[in-house]
Each structure stands twice: as structure tokens, then as C-alpha cells.
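Quick notes on the structure that follows.
The values are calculated or read from the model by the stated rules, or taken from the named source; none is laboratory data. Only a predicted model underlies this, so the values are computations on that prediction, with no experimental measurement involved. Counting neighbours? That spans all protein chains shown, and the Cβs are built from the backbone with ideal geometry, glycine included. With ligands, DNA and RNA removed, areas are computed over all heavy atoms of the protein, side chains included. Shrake-Rupley method; radii C 1.70, N 1.55, O 1.52, S 1.80 Å.
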Amino acid sequence: MPMKSFLTDIAERSAGYLSGLAHRSVAPTEAAVDGLACLDGPLPLVGTEDHEIIAMLDQIASPATIASAGGRYFGYVTGGSLPATLGASWLATAWDQNGFSATSSPIAAKIEEIALRWLIDLFGFPETTGGAFVTGATMANFSCLAAARHRVLAACDWDVDERGLYGAPPITVVVGDEAHASLIKALGMLGMGRANVHRVAVNAQGAMDAKAMPAISGLTIVCLQAGNVNTGAFDPAPDIIAKAQAGGAWVHVDGAFGVWAATAPARAHLMNDYALADSWATDAHKWLNVPYDGGIALTRDAQALRAAMSIKASYLHAGQDRDPFDFTPECSRRARGLEVWTALKSLGREGLAEMIERNCRQAAIFADGLTKAGFEVLNDVVLNQVLVSFGDAETTERIIAAIQMDGTCWCGGTVWQGRTAMRISVSSWATTDEDVERSLAAMIDCAKRNT
Ligand SMILES: *Cc1c(COP(=O)(O)O)cnc(C)c1O
């Protein structure tokens, strides 16, 4: 098949898939998932025609997907893909650029530089800020904390990236008791230990209690959270950041989805003082609505990130341009900043603010509707996250299963401070108010039939 008809066939199949999302169950049927067995079998000795492979994937795998690209998926914190970003991602796959350096791909390097500048402007972070486009907030946390580790130890003349942590002076790491599991994992990957942290007590929303902060002195990294993955709560930055920095600490922010609050005027107050921090980790594939995978690591001092991540090799010549590999854990990588640039170009400042605000408003509609129907919302809905209890743990679990099975929408479960709850996260550009009404009606109907 000629390349053009091959790619046109894929475009048609993709369009068919996306338009079909309106009419199918958000969760795949059991039969569709069982059908994935057709992809199995012994490793083939000879190849299959390209167009046959695509047809097979579309017939077997498309129905087995979770319809998270549509407007009624509220699991985890999951964005869809803005149409322009899907297009940019396709085009970039055709380009197949190695985005590790300005020499290997001038476009990848240039677009990252622009996207980075736009992000810094958007969030109101200082102009000195440097950054890296990585795979997600887990690696963004990792990269920022690597920069933090480097700087904190450099203050006592210990070059951790040369000497490692063996024999190094210990660093105190302070986290809130509701810190995201991926931040704790990043600390483990950096050799600082998953359990070797000072956990600060949190309030009923999961935000750190500033009064419970230890006195800060010596080599310290304080990790704040902007947007708790269950409640959307923000740690009290105004009470913590300046004080921690006065004690010499590096302040890092895990803002996987929360930092985007800064872009919407009615939510921006949640990010008060967060711009004073030393580093910020966020996701692009959550609230910015780009295709997987994309996260962003930002450090106030670009050189701290570079010190932790840069490499030297005889075949790499240092040019004038910003080389992505100087800032990222990866060397070879796709042109990851492209979709971020595209999303910002597509939405503009106003469009982004509208999308963030709309999702927050939609979360409030869920909370109001469920409360009016007699169910208990467990969190203050300050952002896009809603936690609802349908009664005891068993009832709530049964109702979550019924909602998933019904297929109108999809929500997952959690245990929030000892109580089993359903999580609703409204994070997609594709979610319309009609999607919210339909989903809310389905939730209430499933709940009433299962209590
Ligand atoms: C989702 C999330 C992460 C992890 O992000 P990934 O993109 O899955 O790596 C970290 N912190 C918070 C607060 C999150 O919501």
C-alpha cells in the first residue's frame, strides 16, 4: 500500500475511533478486553503487511481501550488530547526527531526553548528559571530533587554528582503526610530513601499544618504540594516557603496538576507565594491536555538542574544553543516540548484559563448534585477534584463498580483519611456541561439502585 493511502487509512480509523467515543461505554467490555488474546501467539517468523497490522489493532485493540480521550472519564487525574496536540504529535512522529540536542534536532531544541519561556511567563516564575521536558510529574519530581540535592550538598562543598552520597553529610527531607507516592519514589531513586523523610501532619483536606513544621536549619529540602491528588488541596505556601528558605532550605513543589490553577484568575490565589519556591514539577498530560507522555521540571536556578543532568562526551560539542540533554535525565528522546508549545498556541492564555475554570466549575456541579441527592462530599471542592462517599465502605465500593459497569462515565475509588470514597477528577478539555449532567444522572441512578 502506498504511504499516502496507508496514513490516510490510519487518519480515518482514528477519526472513527474518536467520534465513536460518544456512543460507547467508557470502560471497555469484558469481551473486548478478553479479545486482546488475539494479539498473542508465538513470535511470528515472517512479517505481516503494515495495513493488516493497523486493521488488526483497530479491530481488536481500539474497543479494549478506556475512553479517556472522551469527555466522561473522571479517573485518576487524566486529561484528554487537544485536537491540535494530537495533530502535532502525529506530525512529530513522522519527523522522528531525536530531541536530545540542538544539533540532532534544531526544531526540538527551539520549540522547547519557546515553550519553556511561555510556561515561565504563564506561571509567573522568575526569568532565571530553567527546565526540562520529561515523561511526567514523577520524572519532573526526580529531576527537580536531583537539582535540589546537588545545590544543598554543594553548600558544604560536596559535589554529589561526582562523589555520590557515600559519606556525604545527611540531608533532611520534609514532606507533608499526604505527599504523592511518586515524590516519595523519586527520593528513593535519588538515594535519599523513601522512608528517610520528616512527615508533617496535615489537616482534613490533606494540606500541611504549618504549625507542625519542624524548625529548619542545615541541609534541608522541603517538599510542598500544590494540588492533592484526592482533594485538590494546596499546602500553605505563604506560611512555609519564606521561613524554610530563611533557614537555608531548598523548597520544591509537586504541582502535577495544581500549578495550572495559576493560569485561571479565579483560582490563582491557590498558588499565592508558590512562585517563591526553588523548583516546581508539573504534568502536561494532565491538565494541559496533551497526549502522553509529558511532564515539566522547572528550577529557579537553571544551572542547578544543568549541574545534576548534563553530560560530557567527545562527540558532543557544546554550542551556543540550549541542548535539552543538559537538563533532562534522558539523552535520546522525542521532541517532547512540541505538544506543550502546540497546546499553548492552540488555547492562548485566555483559552487555557477558560478550560481550567470550566473544569473547576464542572467539579462543583458534581459536588452540588451529589450533595443534593443525599450523598456526602468529603472534601472542600477548591479545584477539579471531588471525593464522595455513598455510605459505608462496602456500599461505596459496590456503587463505584456499578458506575464503572454502567459505562456512562468512569470514576475510581480511594480511601481518604480512613474513609472509602469515589474520586471525580474533571481534567479534560473534552468534558462538556452535558457530559457532566449525563454522568451525574448516571451516578445518582447507580447509587440509588445499589443502596
Ligand atoms: C499524577 C501526580 C504525580 C505523578 O505524575 P505522573 O505524570 O503520573 O508521573 C505526582 N504528583 C501528583 C500530585 C500527581 O497528581
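Each Cα pair under 8 Å and six or more residues apart adds its sequence gap; the mean of these over the residue count of the range 3-68 is a relative contact order of 53 percent.
One chain, two ends: residue 320 and residue 345. Fully extended at 0.36 nm per residue, the span grows by 6.4 nm beyond their Cα-Cα distance. Temperature 10 °C, viscosity 1.306 mPa s: under these conditions the Stokes-Einstein estimate for the range 88-343, based on its Kirkwood radius over C-alpha pairs, is 87 µm² per second. Here the range 4-58 and the range 67-143 have alpha carbon centers that stand 26 Å from each other.
Antiparallel versus total DSSP beta bridges in the range 88-343: what percent is that, nearest 5?
Details: 12 of 27 bridges.
Around 45 percent of the beta bridges assigned by DSSP in the range 88-343 are antiparallel ones.
How large is the Kirkwood hydrodynamic radius of the range 175-292, in angstrom, based on all distinct alpha carbon pairs? Don't skip to the answer; put the middle values down first.
On the way: mean 1/r = 0.0690 Å⁻¹.
14.5 Å is the Kirkwood radius here.
For the set 443, 139, the ranking by accessible area, highest first and with no ligand, DNA or RNA atoms included, is 139, 443 under a 1.4 Å probe.
In the range 44-138, the convex hull through the Cα atoms has an average projected area of 10.1 nm², a quarter of its surface area.
Rounded to the nearest 0.05, what FRET efficiency do residue 303 and residue 239 give with R0 = 30 Å and r taken as the Cβ-Cβ distance? Could you check?
On the way: r = 29 Å, r/R0 = 0.97.
Once rounded, the FRET efficiency stands at 0.55.
Going by accessible area, probe 1.4 Å, with all protein chains left in place, what is the ranking of 117, 149, largest first? Don't skip to the answer; put the middle values down first.
Details: 117 150, 149 35 Å².
Output order, biggest surface exposure first: 117, 149.
Annotation: lysines with alpha-carbon distance below 20 angstrom to residue 243 (same-chain offsets under eight excluded): 211. Listed by chain and number, the lysines whose alpha-carbon sits under 18 Å from that of residue 345, ignoring those within fewer than 8 places in the same chain, are 110, 286. Under 15 Å of direct C-alpha separation, and excluding same-chain neighbours fewer than eight residues apart, residue 372 reaches these aspartates and glutamates: 437, 445. The DSSP beta bridges internal to the chain are antiparallel in roughly 60% of cases.
Among rounded, prolate and oblate, which fits the range 197-240 when a ≥ b ≥ c are the square roots of the eigenvalues of its C-alpha gyration tensor, a/c under 1.5 means rounded, and a/b larger than b/c means prolate? The shape class here is prolate.
Find the Rg to Rh ratio for the range 1-84, where Rh is the Kirkwood radius over alpha-carbon pairs and Rg uses the same atoms.
Numbers: Rg = 14.8 Å, Rh = 14.6 Å.
Taking Rg over the Kirkwood Rh, I get 1.02.
Working from label points 7 Å from Cα in the Cα-to-Cβ sense, the residue 155 to residue 91 distance is 4.5 nm.
Protein heavy-atom surface of the range 192-277, 1.4 angstrom probe: 54% of the accessible area is carbon and sulfur, with nucleic acids and ligands not counted.
For the range 3-68, the share of accessible area belonging to carbon and sulfur comes to 65 percent (1.4 Å probe, ligands and nucleic acids excluded).
The mean sequence distance of close C-alpha pairs (under 8 Å, at least 6 residues apart), as a share of the length of the chain, puts its relative contact order at 22 percent.
The Cα atoms of the range 145-235 cover 42, 25, 19 Å along the three principal axes, with the biggest extent listed first.
Per residue, how many Å² of accessible area does the range 1-124 show with a 1.4 Å probe?
Per residue, the range 1-124 has an accessible area of 57 Å².
Using the Kirkwood formula on the Cα atoms of the chain, what hydrodynamic radius do you get, in angstrom to one decimal?
Numbers: mean 1/r = 0.0428 Å⁻¹.
It is 23.4 Å.
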